[in-house]
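To keep things clear, I will list the structure first and then write my remarks on it.
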Amino acid sequence: MTKSHYASAGVDIDAGNRTVELIKNSVRATYNKNVLAGIGSFGGLFDAFTLKQMDHPVLVASTDGIGTKIKLAASLGRVHGLGQDIVNHCINDILVQGARPLFFMDYFASSKLNPDQTAEVVMGIAEACKEAGMALLGGETAEMPGIYLPDEFDVAGTIIGIVERDRILPRPTLTAGDQILGLPSSGPHTNGFSLMRKVFDGEDMESFIPKLGCSLADALLAPHRSYLNMLYPFLDQVKALAHITGGGLIENIPRILPDNLSAVIHLNSWGVPPLWKIIQERENIPIEEMYRVFNMGIGMIAILEGSTVSGFQTSLSEKTFAIGELVDGGHKTILCQG
């Protein structure tokens with residue numbers, strides 16, 4: 001068959017069609033009764049009639065990307081987890097406002113579409129959506145030679161969720177003395193990879209590292225976890241949540257605090273995973289910068305009234321750590337060695 005002029009310019013429509021064929025079953029597996037039109041349509045249709053059953057529904061939307069974790073994952077041929085990364089990051093970003101997800105839309109762009117690689121990422125997206133009970137309503141795969149370097153690609157996503165207005169977090173009842181609980185991360189999640197790629201440049205990523213109990217690739221590329229299924233049933237007990245992403249504990253906690261409160265974090269209150277100790281020692285990075293760049297093993301924090309902490313911890317399916325408390329003044333995160 002004669003090669004098309006468009007293909008000779010670097011854009012292969014047939015590759016896009018092959019990608020759709022590879023992903024369509026995974027995408028459709030995320031559909032629920034609210035999805036009226038999805039893959040193949042110009043726009044996804046989602047039946048919002050059930051929102052009428054809510055007293056005062058508020059839509060919550062967020063868009064994000066994965067960052068330079070993509071470059072490491074692609075170089076190692078481990079791209080499936082990137083789909084989980086983008087979905088779970090977005091889920092957590094609206095969960096901190098008390099929202100449950102309704103649907104997700106993804107964007108995959110590259111210099112030249114590799115149908116198998118693209119499908120692997122989208123299948124990861126679909127798996128994470130299904131686990132969250134959320135529809136993958138639509139998306140876009142774009143081939144853009146001249147915009148992206150050869151073999152480079154990017155992944156982004158948009159999430160839409162819903163919350164009752166009177167259940168929006170953070171609550172206005174935050175006060176000095178409230179306790180801060182830390183929920184473990186699954187690894188670096190999706191932040192700090194530009195620095196980590198510099199630290200481990202030239203390393204054999206697949207070699208077993210005894211201090212880590214796994215390879216560097218396993219430690220660095222562990223998918224960003226979702227806290228939805230664990231936390232959502234118990235949000236009535238929570239005053240505020242903060243997703244520990246770019247900016248770490250230092251910058252993310254103040255985002256949910258009123259101007260008259262600060263958060264004191266006790267650095268010895270949980271076991272910092274060995275990955276962070278290796279990074280800090282290799283680059284001699286100051287403690288404050290470590291807690292501003294990385295999650296340091298805490299991927300989400302919950303703020304509760306002190307009297308409810310014990311019952312809340314008992315209700316959850318995994319161990320959490322009492323890592324600090326709110327104090328008057330400052331509107332900042334205070335790292336305390338004691």
**Asked** For residue 319 and residue 287 in one chain, what is 0.36 nm times their gap in residues minus the Cα-Cα distance, to one decimal in nm?
**Response** 9.0 nm
**Item:** Whole-number percent relative contact order across the chain, with pairs defined as alpha carbons under 8 Å at least 6 apart
**Value:** 21
**Asked** In degrees between 0 and 90, to the nearest 10, how far off the longest principal axis of the chain does helix 274-283 point, with axes built from Cα atoms?
**Response** 90
**Prompt:** For the range 218-338, what value does the Rg/Rh ratio take when both radii are computed over Cα atoms and Rh is the Kirkwood radius, given to two decimals?
**Reply:** 0.96
**Request:** List the equivalent ellipsoid semi-axes of the range 46-193 in whole Å, largest first, each obtained as the square root of 5λ for an eigenvalue λ of the Cα gyration tensor.
**Result:** 32, 20, 12
**Message:** With a 10 Å cut-off between alpha carbons and a GNM built on the chain, which of 144, 105, 196 moves the most?
**Reply:** 144
**Request:** Mind checking the range 275-338 for GluC sites (Glu not before Pro) that DSSP puts in a loop (not H, G, I, E or B) and that have at most 12 other Cβ atoms within 10 Å?
**Result:** 318
**Asked** If amide H atoms are built 1.01 Å from N in the plane of the peptide, which residues on other chains or at least 5 residues away come under 5 Å of the amide H of residue 323?
**Response** 180, 181, 182
**Request:** Could you work out how far helix 115-131 tilts from the main Cα principal axis of the chain, as a 0 to 90 degree angle to the nearest 10?
**Result:** 40
**Prompt:** Percentage of Cα-Cα pair distances in the range 147-301 greater than 17 Å, rounded to whole percent?
**Reply:** 69
**Prompt:** In nm, what is the difference between 0.36 nm times the number of residues separating residue 29 and residue 307 and their Cα-Cα distance?
**Reply:** 95.8 nm
**Complete:** Pseudo-spin-label distance residue 328 to residue 59, built 7 Å along Cα→Cβ, given in nm, is 4.3
**Sites residue 142 and residue 267, calculated FRET efficiency, Cβ-Cβ separation with R0 45 Å, nearest 0.05** = 0.55
**Request:** Among 70, 227, 260, pick out the residue whose Cα is farthest towards the positive end of the charge dipole of the chain, where Lys and Arg carry +1 and Asp and Glu carry -1 on C-beta, about the Cα centre.
**Result:** 227
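Can you tell me the equivalent ellipsoid semi-axes for the range 85-161? Use √(5λ) from the Cα gyration tensor, largest first, whole Å.
Over the Cα atoms of the range 85-161, the semi-axes work out to 26, 12, 9 Å.
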**Prompt:** Where nothing but the Cβ of Lys and Arg (+1) and of Asp and Glu (-1) is charged, how large is the charge dipole of the chain around its Cα centre, in debye to the nearest 20?
**Reply:** 360
**Message:** Quick check for me: using +1 on Lys/Arg Cβ and -1 on Asp/Glu Cβ, what's the dipole size of the range 196-309 about its Cα centre, in debye to the nearest 20?
**Reply:** 140
**Request:** Quick one: among 202, 271, 297, which has the greatest mean-square fluctuation in a GNM of the chain with alpha-carbon springs under 10 angstrom?
**Result:** 202
**Message:** What would the Debye equation give as log₁₀ I(q)/I(0) for the range 136-235 at q = 0.12, 0.20, 0.23 Å⁻¹, counting only Cα atoms as equal point scatterers?
**Reply:** -0.76, -1.21, -1.32
**Degrees between helix 13-28 axis and first principal axis of the chain (Cα, 0 to 90, nearest 10)** = 50
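Computed from the coordinates by the stated procedures, all read-outs in this text should not be read as laboratory data. Note that the structure is predicted; figures quoted are calculated from it, not measured. Reconstructed Cβ throughout: ideal geometry from the backbone, glycine too, with neighbour counts over all protein chains shown.
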